[in-house]
Amino acid sequence: MDTWKAFENNEITHSGAHYLMAITDLIEDQGCARVSDVARVLDVTRGSASLALKALREKNLVKQCANRSLKLTDEGSRIAQEVLTRRRVVEMFFRELLRIDSDQAAVDACKIEHLISTESGARMLALIRYLTDADDDTQRMLRRFWATESICTDQSRCAVCEAECIAHAWKNTSSSE
């Protein structure tokens, strides 16, 4: 069970991804990004922003120009774009297929946008496209899924959970919170 260690192999941290995306947004919106702008957008101190940006410069993801403005390297730009794309796909999956509230879908997508692989994101997008463009039978099944109140109806015959009901464990956890 060493799969949890794969977390350490991520290309970038959650906060690092947000710094890259903040720089991207600032350059798009106002033509340049400075440390103080990034700090304001991310609601962190200028000192915290400086330290985080220094780490991103050391990874060659951000450059600081002579006029003190920030610029993403090609690699930094690539990572920011990939993270943003995965966020959009995950948010769409939660919102459109699982019918999660838009605000919650955005929060959950933000939490995992930098963690999932490009392959997983691409397959999620393929599933979204397949189900939204599907034939009448598949659309009927999707509507039936959306109308389902209970996660499990018959715990004794569940091919998904096999030995132990996953939904039952969630139900017990959420009722004790």
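Computed from the coordinates by the stated procedures, all read-outs in this text should not be read as laboratory data. Since this is a predicted model, take the numbers as computed values, not measurements. In this analysis, Cβ positions are derived from the backbone assuming ideal geometry, glycine residues included, and neighbour counts consider all displayed protein chains.
Key figures for this structure:
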quantity: Net charge of neighbours whose Cβ lies under 11 Å from the Cβ of GLU113, counting Lys and Arg as +1 and Asp and Glu as -1; calculated: +1
quantity: HN-Hα J in Hz across segment 85-96 - Karplus 6.51, -1.76, 1.60, θ = phi - 60°, x for Gly and Pro; calculated: 5, 4, 4, 4, 5, 5, 4, 4, 4, 5, 6, 7
quantity: Inter-site label distance for LEU127 and SER48 at 7 Å from Cα along Cβ, in nm; calculated: 3.4 nm
quantity: Whole-Hz ³J(HN,Hα) from phi, Karplus 6.51 cos²θ - 1.76 cosθ + 1.60, for segment 27-38, glycine and proline x; calculated: 5, 4, 7, 10, x, 7, 9, 10, 3, 5, 5, 4
quantity: Cβ-Cβ FRET estimate between LYS63 and THR118, R0 fixed at 22 Å, reported to 0.05; calculated: 0.35
quantity: Distant-in-sequence amide H partners of LEU72 (H built 1.01 Å from N, under 5 Å); calculated: LYS63
